[in-house]
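First comes the structure, then the notes that go with it.
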Amino acid sequence: MNRALQPSSLVHIVAIGGAAMSGIARYLQQLGHKVVGSDVRETSTTAALRSEGIVVEIGHRASNVHPKIDLVVYSTAVPQDNVELVAAQSYGIPVVHRSSAMQLIVASKPAAAVVSGTHGKTSTASMLTGILRSAGHHPSFFIGGTPAALGTNALFDVDGKWIVVEGDESDRSFLAFDRSAVLVTNIEADHLEHWDNSFARLVQGFESFVDGCSGPIVLCHDDITTRSVAAARSQARTYGFDAEAQYRLISYRSESSGVRLVMEAPHGEQVEVQLRQRGRDMATNALGAATLAHQLGLAWPAAVIGLESFRGVARRFEHRGSCNGVDLVDDYAHTATEIATTLARAREGSWNRVIAVCQPHRYTRIAAHGHEYGEALRSADLVVVTALDPAFEAPIEGIDASIVVDSVRKAAPNGVVEFIEQLDDLADLPWRLGRPGDVIVTLGCGTITDAHALWALEARKYED
């Protein structure tokens, strides 16, 4: 790492198109380093990085690495026998996991507010950043998605004291850096393969995350596990709909333009907030962000001002257009809980029917939780399941998308569910299954998002 700390170092990032790795690339570039990288395929993210002056090669090749590189950073998705890692090691170039790069990023500021949790951490971190910006605090930020109001997932602001960081529990990297304030949205059994296949170990990881904080601790009271973590820590502050939460949502009203909320601080002061995104989960995220902002010293009214300018995050119930009078929405939801929450948000809208297009993600997740997807998807009027997206995992015998299909058919025996293996075969979906006034929601953190580009191209044929 010493070589990486020198001014204008040359850093190569393997799998640079990922949500976290692209943020690392941007932040290191803003710190004054020269950043290059590679990924297995061209995406909108790799194209955006190029437009920002970062050289991106498509395809992992040993020739992408040369002796002038000072540091190579890789993600959890990259195996140790990757040709670029092997080449770097042959040249004696330091090779570090992304968690080490995060140490460097967090150390760029005196104080770090870190938001973690199984669900909702991207939106909550984005909201907290917006609040601090509106209050004139000039926070730097590192977020696992792109907030619409910020236009990027990572920014180094030379004027501010704070950096807002989305802390990732999936590979334990949220434990790798100092934490001046923390917020945990919820804790659910996911990514257990990185926690000795033990939910108890995962909870212990979050407890270490909380206990390693030097300042305010904020935990969601609505989640049973975070509630128990809070109960054992007198310094923790809680938030949620629950009547026993210290910071409370005492009113939630869905409207055509979003939701209207009333938030109450522990001393009884209430503030009304108009939030552009509907959904009780989004309202809870907003309260969590406001709670931490208040704990950082903002007056309660000031802690909610930035929420009204929050315009959502890319791939979080993101409206992508319309075809055949059907609205098209893209969402990153990939666990059963997230899918159920996203569909509940769709049900709050004025659409006639909700059509869910779900791409199961990772063999390990479907092996452990595939049976839960039926209950999550049953609220949709029509369900389309695509082939499983393996991400970086090797196949597991007997594990595929049919587990999700069977789960849906069991949960909703009178419902309509289709299996469509190839994404290209989704091209006619808005016209074949959709009717004017419907909404199609794509669900998944993999390639399912590409369906929207496919539908945009197909729409030209129908329009012509």
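Values as computed for the structure displayed
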| item | result |
| --- | --- |
| Residue within region 115-134 that is over 14 Å from the mean Cα position of the chain (by Cα), in a loop (DSSP other than H, G, I, E, B) and surrounded by fewer than 23 Cβ atoms within 10 Å (Cβ to Cβ) present | no |
| Single residue of region 278-332 satisfying the filter (among the hydroxyl-bearing types (S, T, Y) and closer than 26 Å to A135 by Cβ) that is nearest to the chain's Cα centre (by Cα) | T284 |
| Residue count for region 141-152, restricted to those that are in contact with an Asp or Glu (Cβ under 9 Å, 6 or more places away or on another chain) and in contact (Cβ under 8 Å) with a residue 40 or more places away in the chain | 6 |
| Some residue of region 319-332 being outside any loop (DSSP other than H, G, I, E, B), more than 28 Å from K461 (Cα to Cα) and touching a strand residue (DSSP E or B) at 6+ places or on another chain (Cβ under 9 Å) | no |
| Lone qualifier among A293, A283 - being out of contact with any strand residue (DSSP E or B) (no Cβ under 8 Å at 6 or more places or on another chain), assigned by TED's automatic domain parsing to the domain that holds P147 and closer than 18 Å to K121 by Cβ | A293 |
| Matching residues in region 303-330 - criterion: being touching an Asp or Glu at 6+ places or on another chain (Cβ under 7 Å) and either in contact (Cβ under 8 Å) with a residue 40 or more places away in the chain or crowded, with 20+ Cβ neighbours inside 10 Å (or both) | G312, R315, R316, F317, R320, V326, V329, D330 |
| In region 403-429, residue surrounded by the most Cβ atoms within 10 Å (Cβ to Cβ) [restricted to those that are touching a Leu at 6+ places or on another chain (Cβ under 7 Å) and closer than 12 Å to L382 by Cα] | V408 |
| Boolean, G258 is out of contact with any helix residue (DSSP H, G or I) (no Cβ under 8 Å at 6 or more places or on another chain), within 18 Å of S123 (Cα to Cα) and not assigned by TED's automatic domain parsing to the domain that holds L457 | yes |
| Filtered residue count, region 267-280, keeping only those that are touching a residue at least 40 places away in the same chain (Cβ under 8 Å) and either polar (S, T, N, Q) or outside the structural domain of V164 (by TED's automatic domain parsing) (or both) | 1 |
| Among (1) touching a helix residue (DSSP H, G or I) at 6+ places or on another chain (Cβ under 8 Å); (2) over 25 Å from E372 (Cβ atoms); (3) surrounded by 21 or more Cβ atoms within 10 Å (Cβ to Cβ), the one test that S208 misses | (3) |
| Where V184 falls short, out of the listed (1) surrounded by 24 or more Cβ atoms within 10 Å (Cβ to Cβ); (2) under 26 Å from Q29 (Cβ atoms); (3) modelled with pLDDT of 95 or more | (2) |
| Qualifying residue in region 51-63 (condition: under 20 Å from P147 (Cβ atoms) and of a type in the set (G, A, S)) | yes |
| Count of region 362-387 residues which are touching a Gly at 6+ places or on another chain (Cβ under 9 Å) and among the aliphatic types (A, V, I, L, M) | 5 |
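The values are calculated or read from the model by the stated rules, or taken from the named source; none is laboratory data. Just so it is clear, the model here is predicted, and its values are computed rather than measured. Please note: Cβ atoms are built from the backbone with ideal geometry, for glycine as well, and neighbour counts cover all protein chains shown.
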